[in-house]
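Every number here is computed from the coordinates shown, using simple stated rules; none is lab data. Computed from a predicted model, the values in this text were never measured in an experiment. Don't worry about glycine lacking a Cβ; one is built from the backbone with ideal geometry, like all the others, and counts go over all protein chains shown.
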Amino acid sequence: MSTESMGWTATTDVPRPLVERLHHWVTTVDHKRLGILYVVYALIFLVVGGIEATLMRIQLIRPHNAFVSPQAFNQLFTMHGTTMIFFVAMPMVFGFANYLVPLMIGARDMAFPRLNAFSFWMTAFGGLLLYFSIVGGYGLYGAGGAPDVGWFAYAPLTAKTFSPGHSTDFWTLSLLVSGVGSIGTAVNLIATILCLRCPGMTLGKMPLLAWMNLTMAGLVILAVGPLTAAQLMLVVDRYLGGHFFDTQAGGSAVVWMHFFWVFGHPEVYVLAIPAFAFASEIIPVFSRKAIFGYPVMVAATLAIGFISMSVWAHHMFTVGMTSLANTFFVLSTMAIAVPTGIKIFNWLATMWGGKISFRTPMLFATAFLFQFLIAGLTGVMLSSAPFNWQLSGSYFVVAHFHYVIVGAILFMVFAAFYYWFPKVSGRMYDERLGKLHFWLFVIGFHLTFDFMHVPGLLGMPRRIYTYEPGRGWDVWNLIVTIGVLFQSAAVLVFVANLVLSWFRGQPAGSDPWDGWTLEWSTTSPPPEYNYAVLPVVRSRRPLWDLKHPEDPDWKYE
Amino acid sequence: MASETVASPGSDLRWELPSRGPVGMYCLIAAEAAIFVIFVVAYLFYLGKSVSGPTPSILALPVFISVCLLSSSLSIHFAVRSLRSGRVTLFLLWWVLTLLLGAIFLGGTAREWRHLIADEGLRIDTNLFGTTYYSLVGLHALHVTVGLLLIGTVAVFTFLRQVRAQHAGRLEVLSLYWHFVDAVWVVVFTVVYVIGR
């Protein structure tokens, strides 16, 4: 680390009044600060959504429990789903993309810094709007309250007749507002990656994280548009007396399903592809090997993005589509397992023969590989229409998609937290607490979501607020709820680790992992302008070239 | 280590990337196109599904305003080209012509809607046709309005002599948006007034 860059950091460390520092956070257009804002915002909502999940699990711990009312239970699962997808997972991946993409492609900021700030605040206000429904949706007067129509809000339940008050309006408007923010961030990411790469970084030399976030942003653009359109139609129906989803006037409830899932399924890959991106950066570094099959990884990512646009109606097999439509969506859904499988083999091949070091990020990444495989396998099971007719709407589906979102995506998000925490804070996290977090979470995750498959197979429908004893569901629900205890404890350890290490951690230096991508070449935390002189790269691992001038990568690529 | 040492010595590579303005606008256009696709699909799907009330046969072909809107794509193109070569007055003429043509289109839409509402009794809550028609045409008209506000802002700045040749790149980005709005009208015109009638 040069003394010059140390000098720059020191001047920014002069303590300023609290008001001034807060003002700086609110008015910032720096991609790193906005990235941190996104991630902190997502963490707060992760805790909120987690509390909602915990309340539901307490209610379901035994039959005929009366911990929450049926009405409150409906609100809980709606808010839990909406919060976790739109105000935890999306801001989380956007936050990491915001922070990392410019650093990893050797740029000084995003392409449109002010659009970046605008997008964050739109997302932030979208979340606040959703939660304002608790008091604003006529909640305090007994009618309405938080939205209770489920996170995919099927028609005609959302019609004025069945959803009086304003709770559903809050749901719609909050997704409209945050959708604008999502599209803004996606536009920004694509423009950044295409237009601001440092000299020498051709598309074929970009870190895989940049490639995958480029694909993710493309999916956001193509998927959030339909969601916005569907929400606009719902607003027309609810406020202007329109008939889009009004079955009595010739409208169709199934059309809403199509429009929602045209967004809803690509959305899964909007969240999963950044998780793949973290895995593709973390697994090589902790295996001390370059990623196996870089071009194939890029091709598989693009294939997943492409196919994910044509699988949406596998959420709708039970609606009763034509057998031609069923066949198409069965085959397209099964086809997406091929590029996904290629990725798993590439990560395994990267680890194969490597000098693996199981630090906390690598522990999470390894668990991710196993859990993502299982999540994919239950996905292939559910993609088969006859099997789906039996299990759609059951806890088997709930277990499957939580295996994807928690077991794969959240595990990789945790890995990314530990891997890049030294870069963001300039300090190391506590390895013992990190490992404790990992083991508690692995135990809790498997207790909850492995055993959740069983009541699903035994016929337990999702979204019921209680159940009869003696159906064979009792013990499984008890185990599932016990798992939540472990997961909650793990998240507490995680947050404690973050907070303690932020203030008291050991100084990390600029490159604690002996990494290969550009972000490790600048200081930790990076200066506001990232790079005093823009780097020039000749291979996919510029820092390897720098550290090993006798055997650089560009001789082989 | 200092970041500058990452540079490999002696590299004399030429490094040119696309400029961020058009790339950003193309992305925005893709997102907007996705929104319009959903509205067009809804329009086509609900054709003839209204259980009561007026049908699309009451629509008249809006030929004149369509010609005006499509011509404005040409005029904005000539405007930006004039500005690029530094002829600001010529630019202003083409630019104001674009503004006028867009305004004529909006006025024509307003007249058409007044006729439909007052004479034909078709409102957005009358039947499915009303809902889908006003939503699709209205969404497009909203985009025309946004475009006119932007074009009008630039016109004001031009009157204040703030617009120079160096701004041609930015106005090129705005013209991309305007071309998109026109292209959407071609689709809406075909779907609503040709296929749907």
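Based on Cβ point charges of +1 for Lys and Arg and -1 for Asp and Glu, what charge dipole magnitude is obtained for chain B about its Cα centre, in debye rounded to the nearest 20?
Charge dipole, chain B, about its Cα centre: 420 debye, nearest 20.
When the Debye formula is applied to the Cα atoms of region B:63-197, each taken as the same point scatterer, what base-10 log of I(q)/I(0) results at q = 0.09 Å⁻¹?
The computed values of log10 I(q)/I(0) come out as -0.31.
What are the ³J(HN,Hα) values, in whole Hz, obtained from phi via the Karplus relation 6.51 cos²θ - 1.76 cosθ + 1.60 with θ = phi - 60°, for each residue of region A:411-427 in sequence order, with x given for Gly and Pro?
Karplus-based 3J(HN,Hα) across region A:411-427 equals 4, 6, 5, 4, 4, 5, 4, 5, 5, 9, 4, x, 5, 6, 9, x, 10 Hz.
Fewest Cβ neighbours within 10 Å first, please rank A:312, A:151, A:171 accordingly.
Arranged by neighbour count, lowest to highest, A:312, A:151, A:171 become A:151, A:312, A:171.
Quickly estimate the mean residue ellipticity at 222 nm for chain B, helices only: each DSSP H run with n ≥ 4 gives -39500 (n - 2.57), and the total goes over all residues, rounded to 500. Display every interim value, and only then the final one.
Working: 5 runs with 128 residues, N = 197.
Value at 222 nm, helices only, nearest 500: -23000 deg cm²/dmol.
Compute for the protein assembly as shown: radius of gyration divided by Kirkwood radius, i.e. Rg/Rh, restricted to C-alpha atoms, rounded to two decimals. Intermediate results must be reported in sequence, preceding the final value.
Numbers: Rg = 27.3 Å, Rh = 27.9 Å.
Over the Cα atoms of the protein assembly as shown, Rg/Rh equals 0.98.
Residue by residue, what Karplus-based ³J(HN,Hα) values in Hz, rounded to whole numbers, does region A:448-464 have, using 6.51, -1.76 and 1.60 with θ = phi - 60° and x for Gly and Pro?
So the J values, rounded to whole Hz, are 6, 8, 5, 7, 5, 4, 5, x, x, 4, 7, x, 6, x, 6, 6, 8.
Can you list residues from other chains, or at least 5 along the same chain, whose modelled amide H is less than 5 Å from the amide H of residue A:394?
Amide H neighbours of residue A:394: A:462.
How far, in degrees from 0 to 90, does helix A:167-195 lean away from the longest principal axis of the Cα atoms of chain A, to the nearest 10?
Orientation of helix A:167-195: about 30 degrees from the principal axis.
Hand me the trypsin sites (Lys or Arg not before Pro) from region B:66-163 located in a DSSP loop with no more than 13 other Cβ atoms within 10 Å, in residue order please.
B:161
Amide H neighbours of residue A:427 under 5 Å, at least 5 residues apart or on other chains, H built in the peptide plane: list them.
For residue A:427, the qualifying residues are A:508.
Which three lengths, in whole Å and largest first, does region B:1-153 cover when its Cα atoms are put on their principal axes?
Projected onto the principal axes, the Cα atoms of region B:1-153 cover 76, 43, 21 Å.
Which listed residue (A:274, A:311, A:219) has the Cα farthest towards the positive end of the charge dipole for region A:217-345, taking +1 on Lys and Arg C-beta and -1 on Asp and Glu C-beta about the Cα centre?
A:274
Measure nothing fancy, just the Cα-based angle from helix A:70-82's long axis to the longest principal axis of chain A, in degrees from 0 to 90, nearest 10.
So the helix axis and the longest Cα principal axis differ by about 30 degrees.
Along the Cα→Cβ direction, 7 angstrom out, place labels at residue B:90 and residue A:471. What is the inter-label distance in nm?
Result for the modelled spin labels: 7.8 nm.
How well do other chains shield peptide B:19-30, expressed as the mean number of their Cβ atoms within 10 Å of each residue Cβ?
Mean partner-chain Cβ count within 10 Å for B:19-30: 6.
Enter the mean number of other protein chain beta carbons within 10 Å of the beta carbon of each residue in A:235-241, as an integer.
Counting Cβ atoms of other protein chains within 10 Å of each residue's Cβ and averaging gives 3.
What average count of beta carbons from other chains do you get within 10 Å of the Cβ of residues in A:533-546?
3
Taking only DSSP H segments of four or more residues, each worth -39500 (n - 2.57), what value at 222 nm results for chain A once the sum is divided by all its residues, to the nearest 500 deg cm²/dmol? Could the numbers behind the result be given before it?
Values: 19 runs with 359 residues, N = 557.
About -22000 deg cm²/dmol.
Do me a favour and compute the ellipsoid semi-axes for region A:274-337 from its Cα gyration tensor, root of five times each eigenvalue, largest one first, whole Å.
34, 11, 8
Once you've got the Cα coordinates, tell me which of A:355/A:435; A:289/A:343; A:32/A:435; A:32/A:547 are over 22 Å apart. Walk me through the intermediate numbers first.
Details: A:355/A:435 19 Å; A:289/A:343 16 Å; A:32/A:435 27 Å; A:32/A:547 26 Å.
Violating the 22 Å Cα-Cα cut-off are A:32/A:435; A:32/A:547.
Charges at C-beta only: +1 for Lys and Arg, -1 for Asp and Glu. How large is the resulting dipole of region A:3-555 about its Cα centre, in Debye rounded to 20? Each step should come with its number before you reach the end.
Values: 30 positive and 25 negative charges, 112 e Å.
Its charge dipole is roughly 540 debye.
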